[in-house]
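The values are calculated or read from the model by the stated rules, or taken from the named source; none is laboratory data. Here the structure is a predicted model, which means the values were calculated and not measured. Every residue, glycine among them, receives a Cβ derived from its backbone with ideal geometry; neighbour counts consider all protein chains shown. Ligands, DNA and RNA are stripped out before the accessible areas are found, and what is left, the full protein with its side chains, is counted by its heavy atoms. Shrake-Rupley method; radii C 1.70, N 1.55, O 1.52, S 1.80 Å.
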Amino acid sequence: MNLLSASLKFCCLIALLGLSTLVKPGAATAQSAPSTAKGAVTQPALSLDSARASDLDVGTLDGRRVKLSELIGNNHPVLVDFWATWCAPCRKSIPHIVKLDQEYKEKGLVVVGLTIEKPDEDMNKVEEFVQKYGIAYPVAFASPEVKRFFNDGKERMGVPRMFVFAADGSLVKQINGYNPLTTKGKLADAVKQAVTSNAGGRK
């Protein structure tokens with residue numbers, strides 16, 4: 001009986017030694033960090049600061065290339081509106097944006113209209129549209145880089161699409177499309193919030 005007991009103990013000891021070489025401390029809970037796909041592009045958080053840092057170009061109606069940062073300025077609430085002359089909902093939203101520009105311009109609001117059309121093909125149509133709708137704020141042609149920046153990396157985007165930013169550069173509201181029952185109120189509220197927060201914005 002003593003011999004059998006000794007044999008069992010010896011076998012158990014060998015098994016334990018073998019197991020210790022296979023299982024190291026912490027191995028059951030340690031996990032590798034998720035790998036990032038090679039070539040993956042991370043979109044910066046949408047803000048005026050990230051837009052300035054991205055060094056984005058737009059095309060003006062007089063044929064110049066300027067930085068978007070020149071149009072949006074610094075330390076101001078900003079409304080950026082993406083639109084097109086062929087866009088029926090844009091014809092509904094833009095008159096309201098014109099009124100907001102008139103109402104809040106003296107309170108620091110900066111409005112920039114960015115058409116997604118092509119300057120070499122649609123310049124005359126854009127100029128006629130601007131005149132017809134009495135647009136007094138800056139209007140420019142959005143470059144592919146600008147479209148991708150505001151559209152999650154995709155160049156093809158639907159319009160109208162409006163972005164309201166506070167004076168500190170943070171995004172207050174993004175509105176996609178136009179609903180005659182709700183868009184006007186949502187946009188007005190967002191602009192009011194952005195302008196109101198301007199009092200506590202960066203100096």
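Worth a mention:
- Net charge, Arg65 excluded, C-beta distance under 14 Å - Lys, Arg +1, Asp, Glu -1: -4
- Surface accessible to a 1.4 Å probe, per residue, for the residues of the stretch 100-203, Å²: 54 Å²
- Label-point separation in nm, Ser170 to Ala88, each point 7 Å along Cα→Cβ: 3.9 nm
- Accessible surface for Leu56 stands near 10 Å², nearest 10, in the context of the full protein assembly shown (1.4 Å probe).
- Most to least accessible of Lys186, Lys105 (protein chains only, probe 1.4 Å): Lys105, Lys186
- Within the stretch 37-196, DSSP assigns beta bridges of which about 65% are antiparallel (rounded to the nearest 5).
- Rolling a 1.4 Å probe over the protein chains gives Phe163 an accessible area of about 0 Å².
- For the residues Asp122, Asp168, a 1.4 Å probe over the protein chains yields an accessible-area ranking, largest first, of Asp168, Asp122.
- Taking all protein chains together and rolling a 1.4 Å probe, Asp189 ends up with roughly 100 Å² accessible.
- Within the shell defined by Cβ-Cβ distances under 11 Å, the residues around Phe129 carry a net charge of -1, with Lys and Arg each +1 and Asp and Glu each -1.
- Members of Lys107/Lys147; Lys99/Lys154; Lys67/Lys184; Lys125/Lys186; Lys99/Lys125; Lys92/Lys147 lying beyond 25 Å, as alpha-carbon distances in this model show: Lys107/Lys147; Lys99/Lys154; Lys67/Lys184; Lys125/Lys186
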